[in-house]
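Take a look at the structure set out below.
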Amino acid sequence: MGSLFEALGSEEFCVTAVRGLALQEVLDRLGVVDRGNVLEYRMDNAAESLGLDDRSVRLYCPSGSGWAYLFDVNGQTGVTHKIPVLKRLSAGTEAVSVWSLIGSTTRIAQVRDGEILAACSTWMFTPASGPEPDRLNRALEKAGFFQENETEDEVDDARAALDAVESEFGLAVEPKVAVGPLPTVIVPVRLD
């Protein structure tokens, strides 16, 4: 298996992983009704084919991995990182989400059963906060965040955040599959 960074790079992206859900359950939680017309798109042509609809998501549910992955087509929006979406996806399980904007900031969230346990924005270079931040902070520190003499230029926020969640939560993707054709849906969940 490869890494999320190999599939996503440092460009803007949003990826959310949900533990223990199959494709049909992900579709249920996202509120997708029309399942007979779920088309597949590659990462490099989804936006071109669908336009820049800020609610399009590509789904990757590898058998036996224990995780379902949601890749936003328009990473700038970060639809799967929005609190209402994370709450629905994490009901009865947990989700981890990383959202990164080009040259701006990276946000990481760990959610269990609809509750944000830990959240961090690398813009401020401060540890994650929330009712249970220790696990996420430990993973981020191992990946190079929060070092005493650290400067913005020393850490690639996007890469380090992806490395941290992969290592801590056992996430793994096959980059060739993740960039290839995957079921793609428009998220009808209200975002407010």
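The values are calculated or read from the model by the stated rules, or taken from the named source; none is laboratory data. The shown structure was predicted, so the numbers you read here are calculated from the model rather than taken from an experiment. A quick note on method: Cβ atoms are made from the backbone with ideal geometry, for glycine too, and the neighbour counts reach across all protein chains shown. For the accessible areas, the whole protein counts, side chains as well, though only heavy atoms, and no ligand, DNA or RNA atoms are used. Shrake-Rupley method; radii C 1.70, N 1.55, O 1.52, S 1.80 Å.
Of everything in segment 54-91, what is over 21 Å from Glu168 (Cβ atoms), among the small types (Gly, Ala, Ser) and not in a strand (DSSP E or B)? Give them in sequence order.
Ser63, Gly75, Ala91
Identify the residue in segment 45-78 that is of a type outside the set (Gly, Ala, Ser) and over 23 Å from Glu12 (Cβ atoms) and, among all such residues, is most open to solvent (accessible area, probe 1.4 Å). It would help to see each step written out before you state the result.
Restricting attention to segment 45-78, the residues satisfying the condition of being of a type outside the set (Gly, Ala, Ser) are 45, 48, 50, 52-55, 57-62, 67, 69-74, 76-77.
So of that shortlist, the ones also over 23 Å from Glu12 (Cβ atoms) come out as 61-62.
Values: Cys61: 44, Pro62: 25 Å².
Out of the qualifying residues, it is Cys61.
What is the number of the single condition among (1) in contact with a Ser or Thr (Cβ under 9 Å, 6 or more places away or on another chain); (2) among the polar types (S, T, N, Q); (3) closer than 25 Å to Val177 by Cβ that Thr105 does not meet?
Just one mismatch for Thr105, condition (3).
Report whether or not Arg88 is open to solvent by 20 Å² or more (accessible area, probe 1.4 Å), within 17 Å of Arg19 (Cα to Cα), in contact with a helix residue (DSSP H, G or I) (Cβ under 9 Å, 6 or more places away or on another chain) and in contact (Cβ under 8 Å) with a residue 12 or more places away in the chain. Step through it out loud before you land on a result.
On the way: open to solvent by 20 Å² or more (accessible area, probe 1.4 Å): yes; within 17 Å of Arg19 (Cα to Cα): yes; in contact with a helix residue (DSSP H, G or I) (Cβ under 9 Å, 6 or more places away or on another chain): yes; in contact (Cβ under 8 Å) with a residue 12 or more places away in the chain: yes.
Yes; evaluated as a whole, the condition is true for this residue.
Can you name the residue in segment 1-30 that is surrounded by fewer than 14 Cβ atoms within 10 Å (Cβ to Cβ) and at pLDDT 90 or above and is also farthest from Ala95 (Cα to Cα) among such residues?
Gln24
Which residue out of Arg107, Arg112, Arg42, Arg35 is in contact (Cβ under 8 Å) with a residue 40 or more places away in the chain, basic (Lys, Arg) and open to solvent by 10 Å² or more (accessible area, probe 1.4 Å)?
Arg42
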